[in-house]
Amino acid sequence: MATTKGKKPIIMVSSTVYGIEELLDRIYAVLTQFGYEVWSSHAGTMPTNSAISAFDNCIQAVKDCDLFLGLITPYYGSGVVGADISITHKELSTAIELNKPRWLLAHDHVVFARKLLEKLGHDDAEKRAALPFEASAVLDDLRVIDMYETAIRNEVRFRDRTGNWVQKFVSDEDALRYATAQFYRFQEVERFLEEQLANPRQVMERVEEDRS
């Protein structure tokens, strides 16, 4: 994370858009108000290079950002060619591979559908891929469940999993509340660290005053 004075930490918001446009607008407004630089394809603030593809621009943004906010919705996302995964799914996988500080949200429809299919014996990506499936108002692609399992690091033994917290949301208000709480706290931590680097004695004196 960038803590150099005068440089805003950069948060990338995953490129999923369809059906959550208003939520993305609200998240962008809140995070910029907190003082972050927000990279969002929906808001048009994602850095782009005309010499490379949209897919590569998104992946490069994941590599260059300080923090990653991922949203898993009932819509799998664009950029899918044949058996390839979507841009949004690849962004998430890249953030995990790079061990980026990340905060992840998953819609209740995705979590519920996964549990239901598990009960019916379709408990992995290969079994789900063999199912006859048509896009619906609930899910447009069963691979959104694969993306959720990527987020919770399902391939890792449970006791060895780290960075696997995924917050379920039902409404825009749920998602916005989580994002607000998490990034407001992060801003406070960053401010404390910057003050400590600038004047450690003053900060320690303040801590002692708070204890007394």
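The values are calculated or read from the model by the stated rules, or taken from the named source; none is laboratory data. Since the model is a prediction, treat every value here as computed from it, not as a measurement. Virtual Cβ from ideal backbone geometry, glycine too; neighbours counted across all protein chains shown.
Descriptive notes on the structure:
- Complete set of residues in region 120-146 that are surrounded by 13 or more Cβ atoms within 10 Å (Cβ to Cβ) and within 24 Å of Ala179 (Cα to Cα): Leu139, Val144, Ile145, Asp146
- One residue stands out among those in region 170-180 that are surrounded by 12 or more Cβ atoms within 10 Å (Cβ to Cβ) and free of Cβ contacts under 8 Å to residues at least 12 places away in the same chain: the one that is nearest to Lys115 (Cα to Cα), which is Asp174.
- Taking the criterion of being farther than 18 Å from Leu92 by Cβ, out of contact with any Leu (no Cβ under 9 Å at 6 or more places or on another chain) and not hydrophobic (A, V, I, L, M, F, W, C), the residues of region 125-146 that qualify are Glu126, Pro132, Glu134, Ser136.
- Restricting region 154-169 to residues that are exposed (fewer than 11 other Cβ atoms within 10 Å of the Cβ) and part of a loop (DSSP other than H, G, I, E, B), the residue that is farthest from the chain's Cα centre (by Cα) is Arg157.
- The selection criterion, being outside any helix (DSSP H, G or I), surrounded by 13 or more Cβ atoms within 10 Å (Cβ to Cβ) and of a type outside the set (Phe, Trp, Tyr), does not hold for Leu117.
- In region 23-57, residue farthest from the chain's Cα centre (by Cα) [restricted to those that are of a type in the set (Ser, Thr, Tyr) and part of a helix (DSSP H, G or I)]: Thr32
Table: residues versus (1) touching a Pro at 6+ places or on another chain (Cβ under 8 Å); (2) farther than 16 Å from Asp146 by Cβ; (3) at pLDDT 95 or above; (4) surrounded by 18 or more Cβ atoms within 10 Å (Cβ to Cβ).
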site	(1), (2), (3), (4)
Ser50	no, yes, no, no
Asn57	yes, yes, no, yes
Lys63	no, yes, yes, no
Phe68	yes, yes, yes, yes
Pro74	no, no, no, yes
Gly82	no, no, no, no
Thr88	no, no, no, yes
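- Residue list for region 58-113, filter: assigned to a strand (DSSP E or B), touching a Lys or Arg at 6+ places or on another chain (Cβ under 9 Å) and in contact (Cβ under 8 Å) with a residue 60 or more places away in the chain: Leu67, Leu69, Gly70, Leu105, Ala106, His107
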